[in-house]
Amino acid sequence: MNGETLLEVDDLRVSFRTGQGVLPIVEGVSFVVKAGEILSVVGESGSGKSLTALAIMRLITDPNAVITGSVRFRGQDLLGLPEPAMRSLRGGAIAMIFQDPMTALTPAYTVGAQIVEQIMAHRNAGRMAARTRAIDLLGAMGIASPRDIAGRYPHQLSGGMRQRVMIAMALSCDPALLIADEPTTALDVTVQAQILELILRLRGEFGSSVLLITHDMGVVAKVADRVVVMYAGAIAEAGATRALFARPAHPYTIGLLGAIPRLRGPRLVRLPAIPGAPPAPHDRPSGCGFAPRCAAATGICAAHPPLITHDGHAVACFHARAA
Ligand SMILES: Nc1ncnc2c1ncn2[C@@H]1O[C@H](COP(=O)(O)OP(=O)(O)O)[C@@H](O)[C@H]1O
Ligand SMILES: [Mg+2]
């Protein structure tokens with residue numbers, strides 16, 4: 001996994017102008033995704049994961065949004081790119097899949113027609129070739145009767161099937177980078193496992209990089225090479241998945257890992273989650289965002305902890321557990 005850097009996000013900030021002033025949501029997030037790597041961004045709901053992804057894709061449409069920092073894809077600054085160039089990257093070299101497949105699918109066309117359109121828009125392919133490729137992709141997604149499914153409308157498909165169709169559509173142009181925002185959250189456990197399997201195969205067969213957003217450390221453990229833990233708009237901890245699971249240093253990460261369901265005997269046991277809830281954006285403390293929920297917090301946590309990197313493992317905590 002020592003490939004070239006494909007995506008480089010540096011000090012990304014997303015705020016919204018409101019009647020009460022400017023509300024910061026993503027407060028300076030930096031990470032890289034290397035070629036062929038699966039990087040997971042994990043954190044509870046409201047931590048700014050989706051806005052980070054949408055900012056990278058330039059899909060934040062709110063006119064009150066203020067986005068700063070830099071996003072480089074193959075060295076090219078995406079935040080400064082003219083919209084037509086950005087549009088040709090989207091669904092081409094960078095594809096995104098959403099938690100809700102209906103965001104990406106149009107109800108009025110068959111799913112096959114939508115994949116064909118996507119292929120024809122981004123590749124120099126005729127309709128027949130595009131159609132063959134669409135069917136092949138649906139088959140590669142583990143769909144047993146791809147021709148039949150291609151002829152159906154989104155509402156005629158199950159949630160898991162729609163998710164497969166959306167992944168097929170995202171992969172139809174061989175994206176170098178796939179951004180997947182909670183792609184399995186709405187699905188039952190069996191389908192979830194199949195979709196994760198697909199994402200792994202995708203990396204194996206297409207060599208794509210994946211930025212996988214999730215709130216589930218179990219998902220991270222299954223697929224990610226590296227992980228970025230976000231809390232209240234900032235990075236709490238980041239590093240190689242194996243190192244981070246073996247030696248989590250931030251009290252928040254330790255809490256998240258404690259909440260992974262474990263297989264004990266015949267049943268999954270869900271361990272207690274971290275008490276409390278993340279602060280709403282307008283209630284974020286000025287220092288460490290996690291301090292109000294943290295058993296280790298002291299007076300110093302009223303200051304913002306710097307993100308300190310040691311051996312590729314980054315932690316933002318004054319009371320980080322020593323490695
Ligand atoms: N257009 C907006 N204006 C104001 N606040 C927003 C807007 N969009 C999202 N937010 C807020 O930003 C926070 C983080 O959102 P999000 O990135 O969706 O978090 P996550 O994906 O980690 O659950 C949420 O509290 C949400 O309410
Ligand atoms: Mg989200």
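The values are calculated or read from the model by the stated rules, or taken from the named source; none is laboratory data. Everything quoted here is computed from the prediction, not taken from an experiment. Cβ sites come from the backbone with ideal geometry, for glycine too, and all protein chains shown count toward neighbours. Surface accessibility is based on the protein's heavy atoms, side chains included, excluding ligands, DNA and RNA. Shrake-Rupley method; radii C 1.70, N 1.55, O 1.52, S 1.80 Å.
I274 meets the conditions (1) at pLDDT 90 or above; (2) assigned to a loop (DSSP other than H, G, I, E, B); (3) crowded, with 18+ Cβ neighbours inside 10 Å in every case but one. The failed one is (1). Taking the condition out of contact with any Asp or Glu (no Cβ under 8 Å at 6 or more places or on another chain), in a helix (DSSP H, G or I), within 16 Å of ligand 1 (Cβ to nearest atom) and of a type in the set (S, T, N, Q), does T52 pass? It is true that T52 is out of contact with any Asp or Glu (no Cβ under 8 Å at 6 or more places or on another chain), in a helix (DSSP H, G or I), within 16 Å of ligand 1 (Cβ to nearest atom) and of a type in the set (S, T, N, Q). Screening V111 against (1) in contact with a Lys or Arg (Cβ under 8 Å, 6 or more places away or on another chain); (2) within 16 Å of ligand 1 (Cβ to nearest atom); (3) open to solvent by less than 30 Å² (accessible area, probe 1.4 Å) leaves a single unmet condition, (2).
What are the residues in the range 114-140 that are loosely packed, with under 14 Cβ neighbours inside 10 Å, in contact with a helix residue (DSSP H, G or I) (Cβ under 9 Å, 6 or more places away or on another chain) and modelled with pLDDT under 90, if any? Matches in the range 114-140: none. Cβ-Cβ contacts under 6 Å between residues 6 or more apart (or on different chains), taken from a first residue in the range 20-34 that is within 15 Å of A238 (Cβ to Cβ) and open to solvent by 30 Å² or more (accessible area, probe 1.4 Å) to a second residue that is acidic (D, E) and in a strand (DSSP E or B), are listed as S30/D10; S30/D11; V32/E8.
Residues checked against (1) open to solvent by less than 30 Å² (accessible area, probe 1.4 Å); (2) touching a residue at least 24 places away in the same chain (Cβ under 8 Å):
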site: R162; (1), (2): no, yes
site: V165; (1), (2): yes, yes
site: D174; (1), (2): no, yes
site: A186; (1), (2): no, yes
site: V189; (1), (2): no, no
site: S208; (1), (2): yes, yes
site: L211; (1), (2): yes, yes
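Filtered by the rule that a residue be outside any loop (DSSP other than H, G, I, E, B) and open to solvent by less than 30 Å² (accessible area, probe 1.4 Å), the range 141-156 gives P146, I149, A150, P154.
Which of the residues belonging to the range 92-131 are part of a loop (DSSP other than H, G, I, E, B), away from ligand 2 (no atom under 16 Å from the Cβ) and out of contact with any Pro (no Cβ under 8 Å at 6 or more places or on another chain)? Working first, answer last.
Applying the first criterion (part of a loop (DSSP other than H, G, I, E, B)) to the range 92-131 yields 92-93, 98-100, 104-110, 123-126.
Then keep just the ones that are away from ligand 2 (no atom under 16 Å from the Cβ); that gives 92-93, 105-110, 123-126.
Residues satisfying the conditions are A108, Y109, T110, R123, N124, A125, G126.
Determine whether A180 is open to solvent by less than 50 Å² (accessible area, probe 1.4 Å), at pLDDT below 95, closer than 30 Å to N124 by Cβ and assigned by TED's automatic domain parsing to the domain that holds H122. Answer is no for this residue.
Beta carbons closer than 9 Å, at least 6 apart along the sequence or on distinct chains, pair a first residue in the range 68-95 that is under 19 Å from L202 (Cβ atoms) with a second that is open to solvent by less than 10 Å² (accessible area, probe 1.4 Å) and polar (S, T, N, Q) for G91/S172; A95/S172; A95/S208.
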